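Structure first, then comments.
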Amino acid sequence: MKADALRGHLDAVLLSVLESGPRHGYAVIEALQTRSGGALDLPTGTVYPALRRLERAGYVRSSWSTVGGRERRTYELTSAGGRALATERTAWQDFTRTIGGFLNAPA
């Protein structure tokens with residue numbers, strides 16, 4: 001699946017990955033791949049700018065740490081991010097229910 005297919009949903013997907021706890025950037029990308037069964041193989045050039053955008057919005061916060069001599073930026077969901085994720089989930093459920101009424105049922 002290409003990044004374009006996620007347009008409008010990438011932020012919600014990233015917030016949901018961080019819901020289970022803090023992750024460094026590459027671990028976020030790995031979680032996207034794992035949870036999607038490999039369907040989401042997004043480049044760092046898509047994920048990192050989105051994480052920074054979410055941080056500017058106050059939905060995630062980041063901190064730097066050194067692991068094995070390497071600097072890592074770790075991202076975690078804020079309470080505002082949790083509320084935004086809940087709103088996105090409700091909107092997604094409404095959307096899939098509505099569109100499903102057309103695509104899942106015979107005419």
Given the conditions (1) closer than 17 Å to Leu6 by Cβ; (2) more than 14 Å from the chain's Cα centre (by Cα), and given that Ala50 satisfies all but one, which numbered condition is not satisfied? (2)
Restricted to the stretch 60-85, and to residues that are loosely packed, with under 10 Cβ neighbours inside 10 Å and part of a strand (DSSP E or B), which residue is nearest to the chain's Cα centre (by Cα)? Trp64
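How many residues does the stretch 29-47 hold that are of a type in the set (Gly, Ala, Ser) and either under 12 Å from the mean Cα position of the chain (by Cα) or surrounded by 14 or more Cβ atoms within 10 Å (Cβ to Cβ) (or both)? Write out each step before concluding.
Start the filter on the stretch 29-47 by keeping residues that are of a type in the set (Gly, Ala, Ser), which leaves 31, 36-39, 45.
Within this subset, residues satisfying the condition of being either under 12 Å from the mean Cα position of the chain (by Cα) or surrounded by 14 or more Cβ atoms within 10 Å (Cβ to Cβ) (or both) are 31, 36.
Count: 2.
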Could you tell me whether Phe95 is modelled with pLDDT under 95, loosely packed, with under 13 Cβ neighbours inside 10 Å and either among the hydroxyl-bearing types (Ser, Thr, Tyr) or under 20 Å from Ala12 (Cβ atoms) (or both)? yes
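Every residue in the stretch 50-59 that is within 13 Å of Leu14 (Cα to Cα) and either hydrophobic (A, V, I, L, M, F, W, C) or loosely packed, with under 10 Cβ neighbours inside 10 Å (or both), please.
Residues of the stretch 50-59 within 13 Å of Leu14 (Cα to Cα): 50-55, 59.
Answer for the stretch 50-59, where residues must be within 13 Å of Leu14 (Cα to Cα) and either hydrophobic (A, V, I, L, M, F, W, C) or loosely packed, with under 10 Cβ neighbours inside 10 Å (or both): Ala50, Leu51, Leu54.
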Which residue is farthest from Leu85 (Cα to Cα), if the candidates are limited to the stretch 25-40 and must be in contact (Cβ under 8 Å) with a residue 12 or more places away in the chain and not in a helix (DSSP H, G or I)? Ala39
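The values are calculated or read from the model by the stated rules, or taken from the named source; none is laboratory data. In this text, all values refer to a predicted model and were calculated from it rather than measured experimentally. All Cβ positions, even for glycine, are placed from backbone atoms using ideal geometry, and neighbour counts span all protein chains on display.
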